[in-house]
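J.: Here's a structure for you.
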Amino acid sequence: MMRRIDRRWVATGILVVLLLVAPSFLKSSYRLSVVTGGFFYAILAASWALLSGLAGQFSFAHMALTGIGAYTAALLGRDLGTSPVTGIIVGTLMAGLVGLIIGTLCLRLRAAYLALFTIAFSEILRIALLTEFQYTEGSNGVQLASLYPGITARGEYYVMLALLMGTLGLMYWLAGSRFGLFVRAMREDEEAAAAMGVNVVRYKVLVFVITSLIVGLCGSVFYHQVGIITPNTMQLLQMALVIAYAVIGGIESLFGAALGAFLSRIGLEMLREINILGLHIKFGAWRYAAFGLLLMFTLRFAQNGLLYPIINRFFQQQVREETVAKRKEPAEVQA
Amino acid sequence: MGLHPTVIVWGLLAGPIWGLIGAWGLPRVYRQKGLGASGAGTVGALAGFVAGPLLLAPLWYFTPELTRRWSVGVAALAALELYTLFAILYPDNLCVTNRDYVLNQVASGLTIGFIYALMAVGLTLIYSVQGVISFAHGQFYMVGGYVSYYLLQLLTDFNPIIGVPVAGLATLIIGMAFERTFLRPMHLGQIERAGEYAILVTFGFGFFLEYTTLAAVGPFSQKTGPFINAGSFVLGPLRLLPNRLVAAAVGIGLILALLYLIRYTWLGKGLRAVSQDKQAAAVSGVNPLTMNTLAFGIGTMLAGMSGATLIPVFTWVPWVGATAAVRSFVIIVLGGLGAIPGALFGGLIIGLVQALGAGCYPDPSKGAAYKEAFGLVIFALVLLWRPTGLFGREQ
């Protein structure tokens, strides 16, 4: 037992140190920004895994909530001239508030209905942002100031890394606490959980609000770095990408989903064009088509994702064998 | 109209406030008198909204039995009142001043509504047999349109109508192949958490189809030639577009064919049997797995056919499916999941709402952009208020 925990902490430590020193090796600001984008999608995928993998609420409103955070910050900065920090705080709270409203409205809705409702919400929001161009400048989007004057790609990298570690740490703490236990119990059987004394209403809304706050925060920070937010970021296909990342990483593991998003993001970016032996190949949209195929086969043949089983094997080998051995016995007796 | 703004503000506020009082109070009154309170909230809300205490007080005192007639009646009153309010606020709007314009909007909404219904009927058929909402439905619609487009690139002299059966065949095959590979394991119990798997795998397939098409045909907008080259067709005050009329006729024909198939053929009986009770169907010699595959295939075929019907009317891009899919979700939830007549009515209602909403929105340039949003607002209300829809089976 002790050895397993040690191994985990050591691995986490090594990973963190690697990520901290990575900018010195990446050098070009293009590569740095790709990795920073990877961090952003890692947060999104992990929080989506918390919401749908652990709590079983299939929301398609994640990108919309990111957009709410970013648009709030952008409009505040543009029209009232507030500092990015104020914009980020208000944007985060705004996303949380909208999450609270959606969470409360959707309490009675079951899985497929919740998915439909959140799709409808995102689409209404996107259409409204496109149409009310006198406030939002339509598809041109709203510009955002940089986080602080003279920020470098390296600075942005560290900001996003800190955000990733902070939110992942928070989400891990939540998942391991009574909160995580309760939402998982609700996912398996809501009525049974209620009968055992879980305040179903409170926790269902709470998990929605918490993930909304997280994506609102990272959305408003990230788009301050990108410098512009457009309604296109809220398209259903963007949401599909986040879901695909989370599923490929492992929907029931926060770290798996985050790693899945990070690696897929960078992988997709690297596949944009390839030079092999002087052959110059542009993949364009084909890489996403292949990615969609990978998503479907992952769902069909590896429901726990592609990365999560590997991570699990690495850290929990002894425990896994132990439980498997224990499980076999009663099954054989029954047979 | 010389109404003082204060009156308008109070008029606007009074309705919702009385509506809230009605929604909160009326079910309590009914329960206190030991009567069934189903529908009391709805009727209370609408009655309070329409006439405030004038209508709430008699309801409170006499507590009549609230049949469907009551809810329809108060809903109609509410609609009338909203229209009057709209007319007072925007006296110059075309929808207030020009009756022929309204009639034209209604006609064009109903015309397009039949095609919307055709696509939604496919989705609701899949749900009624499989219990799965296909999140790839919009992409089948998109693929159907492209199949028709490329067929007509080969056969340039033909009418676009020949694209419809070919697109139907192509999407039928794709749909059945997908069902066989990815959804059948779910029905065989090989997959944990079937409900979530169904959402994700259909969504993933839609993602795959959309990007494959994008990679293959490129992000350009395309359109086939029209069904008929003719000026608008005048009927009394109505000016109808012949191209859309043909599309609507194709839609009506296909829906009738589907209804015949479902009602009078052995296949239709099998599909209905599986949708009612899988095990009983299996006992009577209907293979539920085959019916699942066929239902999915027929559903996607209808989506593909409606795509092929609409590509001569609208322009086509690889991401055209998302909007169409969302529209179909709206329609089937409005009509009740799994109810085919519901999907038909839902399609017509959404067609109407879109046409009137886009035509009457105070700022015409924005009205067209909000076209889809009007349906979505109704959808959100229906989901929250009556998730079983208008024709839905109680779960």
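The values are calculated or read from the model by the stated rules, or taken from the named source; none is laboratory data. Keep in mind the model is a prediction, meaning the values are calculated, not measured. A quick note on method: Cβ atoms are made from the backbone with ideal geometry, for glycine too, and the neighbour counts reach across all protein chains shown.
J.: Collect the residues in the range A:107-163 that are closer than 24 Å to A:Ile88 by Cβ, assigned to a helix (DSSP H, G or I) and charged (D, E, K, R), keeping them in residue-number order.
T.: Those that are closer than 24 Å to A:Ile88 by Cβ, assigned to a helix (DSSP H, G or I) and charged (D, E, K, R): A:Arg126, A:Arg154, A:Glu156.
J.: Sticking with this one: Would you confirm, using the coordinates I've provided, whether B:Val234 is more than 30 Å from B:Gly109 (Cα to Cα) and among the β-branched types (Val, Ile, Thr)?
T.: No.
J.: Inspect the range B:150-161 for any residue being modelled with pLDDT of 90 or more and buried (at least 21 other Cβ atoms within 10 Å of the Cβ) and give the result as yes or no.
T.: So far as the range B:150-161 goes, no, none of its residues is modelled with pLDDT of 90 or more and buried (at least 21 other Cβ atoms within 10 Å of the Cβ).
J.: Sort through B:Val29, B:Val50 and tell me the only one that's outside the structural domain of B:Phe140 (by TED's automatic domain parsing), under 30 Å from B:Gly335 (Cβ atoms) and in contact (Cβ under 8 Å) with a residue 12 or more places away in the chain.
T.: So the residue among B:Val29, B:Val50 that is outside the structural domain of B:Phe140 (by TED's automatic domain parsing), under 30 Å from B:Gly335 (Cβ atoms) and in contact (Cβ under 8 Å) with a residue 12 or more places away in the chain is B:Val50.
J.: Does A:Gly77 qualify as being more than 10 Å from chain B (Cβ to nearest Cβ), part of a helix (DSSP H, G or I), in contact with a helix residue (DSSP H, G or I) (Cβ under 7 Å, 6 or more places away or on another chain) and within 20 Å of A:Lys204 (Cα to Cα)?
T.: It is false that A:Gly77 is more than 10 Å from chain B (Cβ to nearest Cβ), part of a helix (DSSP H, G or I), in contact with a helix residue (DSSP H, G or I) (Cβ under 7 Å, 6 or more places away or on another chain) and within 20 Å of A:Lys204 (Cα to Cα).
J.: If we scan the range A:257-264, do we find a residue that is surrounded by fewer than 22 Cβ atoms within 10 Å (Cβ to Cβ), more than 12 Å from chain B (Cβ to nearest Cβ), part of a helix (DSSP H, G or I) and within 18 Å of the chain's Cα centre (by Cα)?
T.: Looking for residues that are surrounded by fewer than 22 Cβ atoms within 10 Å (Cβ to Cβ), more than 12 Å from chain B (Cβ to nearest Cβ), part of a helix (DSSP H, G or I) and within 18 Å of the chain's Cα centre (by Cα), one finds at least one in the range A:257-264, hence yes.
J.: Which one of these is in contact with a His (Cβ under 9 Å, 6 or more places away or on another chain) and farther than 24 Å from A:Gly267 by Cα: A:Ile124, A:Ile68, A:Ile88?
T.: A:Ile88
J.: Which number in (1) closer than 29 Å to B:Ser148 by Cβ; (2) modelled with pLDDT under 90; (3) assigned to a helix (DSSP H, G or I) marks the one condition that B:Leu256 misses?
T.: Looking at each condition in turn, B:Leu256 falls short on (2).
J.: From B:Ile161, B:Ile174, grab the single residue that is in the same structural domain as B:Gln279 (by TED's automatic domain parsing) and over 22 Å from A:Leu293 (Cβ atoms).
T.: B:Ile161
J.: Oh, and also: For the range B:81-103, how many residues meet the condition of being within 11 Å of B:Cys360 (Cβ to Cβ) and among the aliphatic types (A, V, I, L, M)?
T.: 4
Residues checked against (1) of a type outside the set (Lys, Arg); (2) part of a helix (DSSP H, G or I); (3) more than 30 Å from B:Ile133 (Cα to Cα):
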residue: A:Arg31; (1), (2), (3): no, yes, yes
residue: A:Ala46; (1), (2), (3): yes, yes, no
residue: A:Gly56; (1), (2), (3): yes, no, no
residue: A:Thr86; (1), (2), (3): yes, yes, yes
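J.: Being under 29 Å from A:Phe283 (Cβ atoms), assigned to a helix (DSSP H, G or I) and of a type outside the set (A, V, I, L, M, F, W, C) is the requirement here; does A:Arg187 meet it?
T.: In short, no.
J.: Also: Considering each residue of the range A:221-253, count those that are surrounded by 24 or more Cβ atoms within 10 Å (Cβ to Cβ), over 30 Å from B:Ala324 (Cβ atoms) and under 14 Å from the mean Cα position of the chain (by Cα), and give that number.
T.: Total meeting the criteria: 4.
J.: Among the residues of the range B:171-181, is there at least one that is of a type in the set (A, V, I, L, M) and in a loop (DSSP other than H, G, I, E, B)?
T.: No: the range B:171-181 contains no residue that is of a type in the set (A, V, I, L, M) and in a loop (DSSP other than H, G, I, E, B).
J.: Between a residue in the range A:287-302 that is more than 15 Å from A:Met270 (Cβ to Cβ) and more than 9 Å from chain B (Cβ to nearest Cβ) and any residue that is surrounded by 18 or more Cβ atoms within 10 Å (Cβ to Cβ) and charged (D, E, K, R), which pairs come within a Cβ distance under 9 Å, given they are 6 or more apart or on different chains?
T.: Hits for this filter: zero, empty list.
J.: What's the total number of residues in the range B:131-159 that are within 20 Å of A:Tyr113 (Cα to Cα), out of contact with any Leu (no Cβ under 7 Å at 6 or more places or on another chain) and part of a helix (DSSP H, G or I)?
T.: Adding up the residues that qualify gives 1.
J.: Restricting the range A:107-125 to residues that are at the interface with chain B (Cβ under 9 Å from one of its Cβ atoms) and farther than 17 Å from A:Met63 by Cβ, which is farthest from the chain's Cα centre (by Cα)?
T.: Per the stated criteria, the residue is A:Arg108.
J.: Here is a follow-up. What single numbered condition from (1) surrounded by 13 or more Cβ atoms within 10 Å (Cβ to Cβ); (2) closer than 23 Å to A:Leu241 by Cβ; (3) of a type outside the set (Gly, Ala, Ser) fails to hold for A:Tyr30?
T.: (1)
J.: Please state which of the following conditions A:Ile101 fails to meet, knowing it meets all the rest: (1) free of Cβ contacts under 8 Å to residues at least 24 places away in the same chain; (2) within 11 Å of chain B (Cβ to nearest Cβ).
T.: That leaves (2) as the condition not met.
J.: Taking B:Leu200 and the conditions (1) away from every other protein chain (no Cβ under 12 Å); (2) among the aliphatic types (A, V, I, L, M); (3) buried (at least 16 other Cβ atoms within 10 Å of the Cβ), which numbered condition does it fall short on, given that it satisfies the others?
T.: Status for B:Leu200: all satisfied but (1).
J.: Residue by residue through the range B:107-145, note down the ones that are among the hydroxyl-bearing types (Ser, Thr, Tyr) and within 20 Å of B:Ala339 (Cα to Cα).
T.: B:Tyr116, B:Thr124, B:Tyr127, B:Ser128, B:Ser134
J.: What residue, among those in the range B:222-242 that are within 13 Å of B:Val313 (Cα to Cα) and surrounded by fewer than 18 Cβ atoms within 10 Å (Cβ to Cβ), is farthest from the chain's Cα centre (by Cα)?
T.: B:Asn229
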